[in-house]
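Student: One structure is given below, represented as C-alpha cells, and several questions about it will come after.
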Amino acid sequence: MSGQTRRKWSIGGSGARWLVVLATWLIGIGDAQSVFAQLRPPAVDDARVRAGVEAYNQGARALEHGDTEGAIRSFDRAIELNPSFAQAYSDRGLARVMKNDFAKALVDLDMAIKLVPQNAPARFQRGFAYYQKGDFEKALADYDEAIRLDPNYADALRDRGFVLAIQGRLDRAMVDLDRAVRLAPKDPEAYVSRAYAHLQRPDYTSAVADYNRALRLKPDDAQLWSDRGYARAMLDDLDGALRDLNYGIRLAPKDSAARFSRGFVYFKQGKLDQALADYDEALRLEPTYTDVYLHRALARAGADQPDKALADYRQLIRLEPRTAEAYKRWASGAGGDEAARAVEGLEAALLQGKELAMAGFREGVALHKKGEFLQAIEKYDQAIESYPRIPDVHYNRGLAHRKLGRLDSAIADYSRAIRLSPGFVAAYSNRGYVYYKQGLLDKALGDFDKILEIDPENVDARKSRRVISALQAAGD
C-alpha cells in the first residue's frame, strides 16, 4: 500500500495483517499555481491567489515532515483565501487520514472531487481513506475511477491490486500488480504489494524474488529484511531467514513482527528457549498480538510448561475466538501434526473449566436481570477466564456494555460471539443496532443483510434494513 508499510505475519493462520504508515503526495509551487489557476473564480484578486498558493505550499512542506497539525492549519488558510482550492481540500483530507480522522478526511476529499470531478489523485486519496477505514468496497470503487481517469496510474493500480489480494481475489490482483510494477519499476512498494499477493497463493519463492527487488531499491528498510526473512522461513530456508531477521531486528529492535518471525524460526529449529525469548519480547512490544499467543502456547507445551501454555491459549481465545478445529488447522499450518496434537491437549485442559464458567455465567445473568450491569460484567469476565469459548457469555457481556453506553466494547463482544457461533442472529442484530447508533450505516446494513442470509424471513431485519437504506438515500 501507499507509503511505508507495516506488516505483521500470521504464520499458519489467515495471512498477513497490514497497518499502513502514509506517504505524502506533494506538488511544487508551480503545480499548485497551475491547479489554482484552473479553479480560481474571477472575483479573486492576484494577492489572494499568491497568498493562497503560499499557504498551500507551507502545508505541503509541513505534511512532508509529518507535521499534520501544521499542515492542516496552512491548508485551512489556503481554503479561507479560496474556498474553491480543490488541491488544498484534497491534501487536508490526506493530513486528516494521517490523524485517523476519517470522517473529516472524507468530507474534504468529497469536496475536492466535487470541485474537480476528473481529479484522479483525489479519487486515489479518497480510496486510500476508505481503505484505512476498512471499507474495501468503497476503496475499490474510488481506485476504479482513478484508473478510469488515468489508465496508467501506477499507485492506484498497486493499491487496488493490494486490496484485491486482501480479499483473496488473487488473479485480478496480480493483473494490477504486474502492471504497477511495469509502470513504476523503481517503486519498492509495488514489489512489496505483489509479494503479499504471492504469499497468499502461497508462492513463497516468488515472494522472496519480489522482496529481493524491493531491497535493491531500499536496502536500509528494516521491515523488508524481516519480511523476506518470514518468506524464507516458510520455504524452510531457516539459516537465510535468521540472517535476514537478525539484520532487520538490528535496524529496528522494536519491531514486534520481526521478533515473532524470528521466534518461529527458532521454534522450527527446536531452540525453544530462544523462541520463547522472542515471543516474550514480541508481546512486551505489542500485548494484543494474537498470533504470538498461539505460538508461545505451542512452545511452552513443548518446553513442558503446561500451565503457562494453557494461560496463553486462554488469552488467545479471549482476543480472537475460534472453534477448536480452526485452531487445530492454524497450529497445523505452523507446526504440522505435532502442533495440532498440542492444541488437542490444550483443548482438553481448557474444557475442565467449562463447568465453573457456566456457574459464573448463571450468576452474571441473575445480576444482569436486576440491572446490576457492572457486577454482571465481573461475573462474565470470570466465566470467560475459566472457559472463553461460550458464545452466550460474550453476547451477554456485550449487552451489559451497551446498557452502560460502552458501545465499542459491546461491538467487540458481539463480534467474539459471532466468531464462535457464525449463525448467532441476535449477536448480528445487536451489533447492527450499535453500528446504526454510531452512524456506521454500511456496517449496520451488512449485519442485517447477514441475518437475512441466515433467516430470509426475519421481519425485524427486513424492517431495520429498510430504515437504514432510507437514511443512506437521504444522506446521498
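The values are calculated or read from the model by the stated rules, or taken from the named source; none is laboratory data. Here the structure is a predicted model, which means the values were calculated and not measured. With ideal geometry, Cβ positions are generated from the backbone for all residues, glycine too; neighbour counts draw on all protein chains shown.
Student: For a quick check of your reading of the model, give me the residue pairs whose first member lies in region 354-374 and is on the phi > 0 side of the Ramachandran plot, whose second is in a helix (DSSP H, G or I), with beta-carbon atoms closer than 7 Å and at least 6 apart or on different chains.
Tutor: none
Matching residues to (1) closer than 15 Å to PHE124 by Cα; (2) free of Cβ contacts under 8 Å to residues at least 40 places away in the same chain; (3) charged (D, E, K, R); (4) in a helix (DSSP H, G or I):
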site	(1), (2), (3), (4)
GLU69	no, yes, yes, yes
ARG73	no, yes, yes, yes
ARG77	no, yes, yes, yes
GLN87	yes, no, no, yes
SER90	yes, yes, no, yes
LEU94	yes, no, no, yes
ASP108	yes, yes, yes, yes
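Student: Name the pairs whose Cβ atoms lie under 8 Å apart, with the first residue in region 162-177 and surrounded by fewer than 22 Cβ atoms within 10 Å (Cβ to Cβ), the second modelled with pLDDT under 95 and not in a helix (DSSP H, G or I), and 6 or more positions between them or separate chains?
Tutor: ILE166/TRP18; LEU170/ARG201
Student: Which count do you get for residues in region 273-288 that are under 23 Å from the mean Cα position of the chain (by Cα), surrounded by 16 or more Cβ atoms within 10 Å (Cβ to Cβ) and more than 20 Å from ASP244 (Cβ to Cβ)?
Tutor: Total satisfying the criteria: 2.
Student: Among the numbered criteria (1) surrounded by fewer than 18 Cβ atoms within 10 Å (Cβ to Cβ); (2) within 21 Å of GLN472 (Cα to Cα), which one does ASP408 miss?
Tutor: Of (1) surrounded by fewer than 18 Cβ atoms within 10 Å (Cβ to Cβ); (2) within 21 Å of GLN472 (Cα to Cα), only one is false for ASP408: (2).
Student: Exactly one of these conditions fails for GLY270: (1) surrounded by 24 or more Cβ atoms within 10 Å (Cβ to Cβ); (2) of a type outside the set (D, E, K, R); (3) at positive phi. Give me its number.
Tutor: (1)
Student: Still on this structure: Could you pull out the residue among ARG389, ARG416, ARG402, ARG397 that is farther than 30 Å from ASP110 by Cβ, crowded, with 21+ Cβ neighbours inside 10 Å and modelled with pLDDT under 90? Walk me through how you get there before you give the answer.
Tutor: Details: ARG416 fails: modelled with pLDDT under 90; ARG402 fails: modelled with pLDDT under 90; ARG397 fails: modelled with pLDDT under 90.
Just a single option satisfies the conditions, and that option is ARG389.
Student: Just to verify a result, which residue in region 186-225, among those that are of a type in the set (Ser, Thr, Tyr) and either in contact with a Cys (Cβ under 8 Å, 6 or more places away or on another chain) or touching a residue at least 40 places away in the same chain (Cβ under 8 Å) (or both), is nearest to ASN246 (Cα to Cα)?
Tutor: TYR196
Student: Of everything in region 186-205, what is in a helix (DSSP H, G or I) and over 23 Å from ALA156 (Cβ atoms)? Give them in sequence order.
Tutor: TYR204, THR205
Student: Right, something else. Across region 395-422, which residue is nearest to ALA383 (Cα to Cα) among those that are within 24 Å of the chain's Cα centre (by Cα) and not in a helix (DSSP H, G or I)?
Tutor: Going through the qualifying residues, I end up with SER421.
Student: Does region 119-127 include one or more residues that are among the hydrophobic types (A, V, I, L, M, F, W, C), within 19 Å of the chain's Cα centre (by Cα) and either under 17 Å from SER90 (Cβ atoms) or in a loop (DSSP other than H, G, I, E, B) (or both)?
Tutor: To start, the set of residues in region 119-127 that are among the hydrophobic types (A, V, I, L, M, F, W, C) comprises 120, 122, 124.
The next check asks that each one be within 19 Å of the chain's Cα centre (by Cα); those that pass are 124.
Narrowing the set further to residues that are either under 17 Å from SER90 (Cβ atoms) or in a loop (DSSP other than H, G, I, E, B) (or both) leaves 124.
Looking through region 119-127, at least one residue is among the hydrophobic types (A, V, I, L, M, F, W, C), within 19 Å of the chain's Cα centre (by Cα) and either under 17 Å from SER90 (Cβ atoms) or in a loop (DSSP other than H, G, I, E, B) (or both).
Student: If you don't mind, there's one more thing I want to ask. When you scan region 244-342 for helices (runs of 4 or more DSSP H) that lie fully inside it, which ones turn up with 3 or more residues that are of a type outside the set (Ser, Thr, Tyr), modelled with pLDDT of 90 or more and farther than 19 Å from GLN223 by Cα?
Tutor: Output list reads 272-285, 290-302, 306-319.
Student: Quick one: how many residues across region 178-212 are over 22 Å from the mean Cα position of the chain (by Cα), crowded, with 16+ Cβ neighbours inside 10 Å and of a type in the set (Lys, Arg)?
Tutor: Qualifying residue count for the region: 1.
Student: Is it the case that ALA103 is crowded, with 24+ Cβ neighbours inside 10 Å and either outside the structural domain of PHE75 (by TED's automatic domain parsing) or over 23 Å from ASP178 (Cα atoms) (or both)?
Tutor: No; evaluated as a whole, the condition is false for this residue.
Student: Then there's this: Residues of region 128-158 being within 14 Å of the chain's Cα centre (by Cα) and assigned to a helix (DSSP H, G or I), which ones?
Tutor: The answer is PHE128, ALA129, TYR130, TYR131, GLN132, LYS133, PHE136, ALA139.
Student: For region 289-314, which positions are β-branched (Val, Ile, Thr) and either touching a Lys or Arg at 6+ places or on another chain (Cβ under 9 Å) or buried (at least 24 other Cβ atoms within 10 Å of the Cβ) (or both)?
Tutor: VAL292
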